[in-house]
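Some notes on the structure that comes next.
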Amino acid sequence: MKFRYLAALTILGGICVVAAHSALFASSPPSSISVELVAGDKVIDAWVVFAQEELEQGLSGVLWLGENEGMIFVLSKQTQTKFHMKGVTIPLSIAYLNWRGKILKIEDMDPKIPERIYEVPDGTRYALEMNQGWFERNGLKEGDRVRRKS
């Protein structure tokens, strides 16, 4: 666990702990670690998730996200991660990123179909969940890059 935490810090280039989330929760927050990311001209305040129990919880219990808030999942190279919407009440969009932050694929996720499985494309090291339509509204598409705010 300690090694994965250090690896996540290294991969993201250092994590800034930020307590400025405006999300509304039905349960406890998904993670106590957050990072500021940049996508296009937008700054994203994202929870960082890398522990298995946090990966499984994801945004379950979150009732509302601010416009530029989300969650970034740090994925292990060795696992075949899949995403679902069980316990999630808000519609989301997910961007799958490679190790350099390049967007490989973006898809919408529907909380009304919680049993649907969202397959992670090969080469994915991060997955960024935002409010549904966020990437399109901000002109982001496959091939664009998400990076840590410097």
Worksheet entry | Subset of region 103-137 (residues that are surrounded by fewer than 17 Cβ atoms within 10 Å (Cβ to Cβ) and over 19 Å from His84 (Cβ atoms)) | Asp122, Gly123, Gly133, Glu136, Arg137
Discussion item. Being over 15 Å from Leu37 (Cβ atoms), of a type outside the set (A, V, I, L, M) and within 14 Å of the chain's Cα centre (by Cα) is the filter here; which residues of region 77-114 pass it?
Written reply: Thr81, Lys82, Phe83, His84, Pro91, Lys105, Glu107, Asp108
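Each value in this text was obtained by applying a stated rule to the coordinates, not by laboratory testing. Small disclaimer: the values here were computed from a predicted structure and weren't measured. Here the Cβ is made from the backbone with ideal geometry for all residues, glycine too, and neighbour counts use every protein chain on show.
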